[in-house]
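What follows is a single structure, written as structure tokens, with notes after it.
The values are calculated or read from the model by the stated rules, or taken from the named source; none is laboratory data. No experiment lies behind these values; they were computed from the predicted model shown. Virtual Cβ from ideal backbone geometry, glycine too; neighbours counted across all protein chains shown. Only protein heavy atoms, including side chains, enter the accessible area calculation; ligands, DNA and RNA are left aside. Shrake-Rupley method; radii C 1.70, N 1.55, O 1.52, S 1.80 Å.
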Amino acid sequence: MSTLLEINNATLKFGGVVAVNDLTFSVEEGEVYAIVGPNGAGKSTVFNLISRFYNPYAGSITFDGHNLLDRNADSVADLGIARTFQNIELFDHATVLQNLLVGRHRHRKTNLVQEMLFTPKVRQEEKRHREAVEEVIDFLDLQPYRDKMIAGLPYGVRKVVELGRALASGPRLLLLDEPASGLSVEETQDMRWWIDDIRKQMGITVLMVEHDMGLVSGVSDRVLALADGAKLAEGTPQQVQSDPAVIEAYLGAGAA
Amino acid sequence: MRIHFKTSYEHDIRLFPDWWSFCVYATLIVIAVALPWLMDDFFLGEVTNVLIWAIAGLGLMLLTGQTGQASLGHAAFLALGCYSCIIFMEQGWPFLIAFPAAGILTGVVGTIIAIPAIRLHGIYLAIATIALSILADDIIVLMEPITDGVSGKFAPMINIFGIEIERWTTPDRFYWLVLAVTILCTLAYRNLLRSPLGRAMAAVRDSEVSATAMGVHIARTKAAAFGISCAITGLAGALMGFYAGAFNNETFSIVISITLLMMIVIGGLGSIHGAFFGAVVVAFLPQFLSMTKDLIGGSSVAIPGLETGVFGMILILFILFEPMGIYGRWMKIRIWFELFPFARKDMFKRQKSYLKTERLR
Ligand SMILES: Nc1ncnc2c1ncn2[C@@H]1O[C@H](COP(=O)(O)OP(=O)(O)OP(=O)(O)O)[C@@H](O)[C@H]1O
Ligand SMILES: [Mg+2]
């Protein structure tokens, strides 16, 4: 196994708030790596650093040998990094199919003029995109919703569509920000099987943020516990859950 | 009730989802082509006007409905398309070259203007583009040697391979020309919708953050939307010039920009149908008003601003009761008939979406 994603001494401040504090960790190819921590620990901010929405104040981020800090946010996807958002960021006035097809955008090979004329090349590419998307639809059982507008879909389905859109891009690394938050027990169970299959069948590396410890210990190989933007503990789910510093942080956050 | 069975990936890519809709649109085109034999010249002129407005509507729809960028500056691009086409023709260029060249020039200028403008969002973009509409007027006056300033220009005769086309002497030919441009623009729009750029535009409209995360270059996509939108608008502007016969710096005023924006909102933002429905309202409203005025016997009294007032009222009513515009209403009626008698009253209510607070434990 080789290292896919490497974050070294990353620091990010919002005014006076240190959201990420000298954080170092790395994700190995083919593993499921989870980040846990109380609210406001800086978990989503780590994702936003990887997506290049924020510039780190210090430190480095490398993906498969590429320096991510050299890239703009819109060329991160080209490397094969796809993500979901904590508060679901779908294209609300488009259908499920169209949303998934946007996931294919990084594979676009045609230009504006060809597309306006819908040349045979565009048609052929469209077919390829749709084949890839149909596979995702089958995998996530989204057939009943294929032509439905996002705006009318229930929360649980949107969550799955967002996962589907990320998968449709054919990523090497999948970033999932709280994939099970707001889901029912059954939906969470489905999510667990999917994450397992994504790793085992599709060979995609998963980095996820999740509060549901049942899900975290069920699917992840390693867990990183964050508090106030800094690393508290790292190791197997059992090791992290029994770490005194982690218990302290959670009880402290709960008591406050 | 029609059920779509999908048998191949081709299915979703096709222009028409099934035989039925193919037949509907084919019939529509046949009727449209035969119209000069079915109507007198006055009404043919009105229909031509509707189509020209629809082309302009398509242009703005691509930018506002599809990409989510409001513009109140499109009168300037109508003017640019109109002036450049006619000036090219005055230089001796044939129509078949001058007309597309005017569209391309307007598109290029639109893209260049877009580069600073796309940093602005929503209402700020709308306000900035108002400046364009106002500037256009001044620029036309200032560039008097080329544009003839306030005295204005006359549209020359169009000549396509020896066939002479003019609005008044050959209204049928002019109508067919406009119809052909309408069909081509609609086709290009449809093609964009079923290819990556069109989807990227919708992505930019609905969520810039996740569009970026999916690899969509926001600025480039907006610039492309501006470019294509302005090119189509430029073509419409040139046709408006030929339709009006004469035009000057006041022809393409800010009022035209506002009317165009209101038109696509009333028609239904984000759909091709919306541009056409809106164009029908814009083009026939003045006729409709004067007819009703005749009916109630008030034809001798001129009411200033009546048209604008009624138009504004319609807009407000739509925003309050049918934000999806005429197209939204049309879809509901169609679905109601297709599902008859199974339609439910609350079928079009939006599903409420809950955030994670829905979960209590
Ligand atoms: N754009 C921003 N501007 C200012 N402060 C921010 C911004 N984004 C995050 N923060 C702050 O950074 C800290 C970390 O936020 P972050 O969203 O990463 O937390 P989180 O671990 O994802 O929490 P949660 O479990 O609630 O999602 C918080 O104190 C938050 O208020
Ligand atoms: Mg978060």
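Those strands (runs of 3 or more DSSP E) of region A:144-256 in which at least 1 residues are within 16 Å of ligand 2 (Cβ to nearest atom) and in contact with a Phe, Trp or Tyr (Cβ under 6 Å, 6 or more places away or on another chain), considering only elements entirely within it, cover A:173-177, A:205-209, A:222-227.
Comparison of A:Phe47, A:Phe85, A:Phe63 shows that the only residue that is in contact with a strand residue (DSSP E or B) (Cβ under 8 Å, 6 or more places away or on another chain), away from ligand 1 (no atom under 16 Å from the Cβ) and either closer than 30 Å to A:Ser242 by Cα or in the same structural domain as A:Val27 (by TED's automatic domain parsing) (or both) is A:Phe63. Looking at region B:29-51, can you tell me whether even one residue there is touching a His at 6+ places or on another chain (Cβ under 6 Å) and either closer than 29 Å to B:Arg119 by Cα or surrounded by 15 or more Cβ atoms within 10 Å (Cβ to Cβ) (or both)? The answer is no, given that none of the residues of region B:29-51 is touching a His at 6+ places or on another chain (Cβ under 6 Å) and either closer than 29 Å to B:Arg119 by Cα or surrounded by 15 or more Cβ atoms within 10 Å (Cβ to Cβ) (or both).
Set side by side, the residues A:Glu89, A:Glu134 differ, and just one is under 23 Å from A:Ile204 (Cβ atoms), without any contact (Cβ under 8 Å) to a residue 12 or more places away in the chain, at the interface with chain B (Cβ under 9 Å from one of its Cβ atoms) and not hydrophobic (A, V, I, L, M, F, W, C), which is A:Glu134. For region A:105-124, filtering for residues that are within 8 Å of chain B (Cβ to nearest Cβ) and under 15 Å from B:Thr221 (Cβ atoms) leaves 7. When you look at B:Gly81, is it within 22 Å of B:Arg205 (Cα to Cα) and within 20 Å of the chain's Cα centre (by Cα), yes or no? So B:Gly81 does not fit the description; no. For region A:77-85, check the following and say yes or no: at least one residue is over 15 Å from A:Leu174 (Cα atoms), more than 16 Å from ligand 2 (Cβ to nearest atom), touching a His at 6+ places or on another chain (Cβ under 9 Å) and at the interface with chain B (Cβ under 8 Å from one of its Cβ atoms). Checking region A:77-85: not a single residue is over 15 Å from A:Leu174 (Cα atoms), more than 16 Å from ligand 2 (Cβ to nearest atom), touching a His at 6+ places or on another chain (Cβ under 9 Å) and at the interface with chain B (Cβ under 8 Å from one of its Cβ atoms). Of all residues in region A:66-76, none are open to solvent by less than 30 Å² (accessible area, probe 1.4 Å) and within 16 Å of ligand 2 (Cβ to nearest atom). With respect to the stated conditions, A:Ala58 fails to be of a type in the set (Gly, Ala, Ser), in the same structural domain as A:Ile204 (by TED's automatic domain parsing) and within 16 Å of ligand 1 (Cβ to nearest atom). Screening A:Ala230 on (1) small (Gly, Ala, Ser); (2) open to solvent by 40 Å² or more (accessible area, probe 1.4 Å); (3) touching a residue at least 60 places away in the same chain (Cβ under 8 Å); (4) farther than 23 Å from A:Pro171 by Cβ shows it passes everything except condition (2). Per the listing B:Ala101, B:Ala76, the residue uniquely touching a residue at least 24 places away in the same chain (Cβ under 8 Å) and open to solvent by 10 Å² or more (accessible area, probe 1.4 Å) is B:Ala76. Contact list please: Cβ distance under 7 Å, first residue in region A:40-61 and at positive phi, second residue assigned to a helix (DSSP H, G or I) and more than 10 Å from ligand 1 (Cβ to nearest atom), pairs at least six apart or on different chains. From residues that are at positive phi, the pairs are A:Arg52/A:Leu68; A:Arg52/A:Ala73. Candidates in region A:167-202 are the residues that are crowded, with 22+ Cβ neighbours inside 10 Å, over 23 Å from A:Thr3 (Cα atoms) and away from ligand 1 (no atom under 16 Å from the Cβ); of these, the one that is farthest from the other protein chains (Cβ to nearest Cβ) is A:Met191. Which helices (runs of 4 or more DSSP H) does region B:163-214 wholly contain that include 1 or more residues that are at the interface with chain A (Cβ under 7 Å from one of its Cβ atoms) and touching a residue at least 60 places away in the same chain (Cβ under 8 Å)? By residue number, B:171-193, B:196-206.
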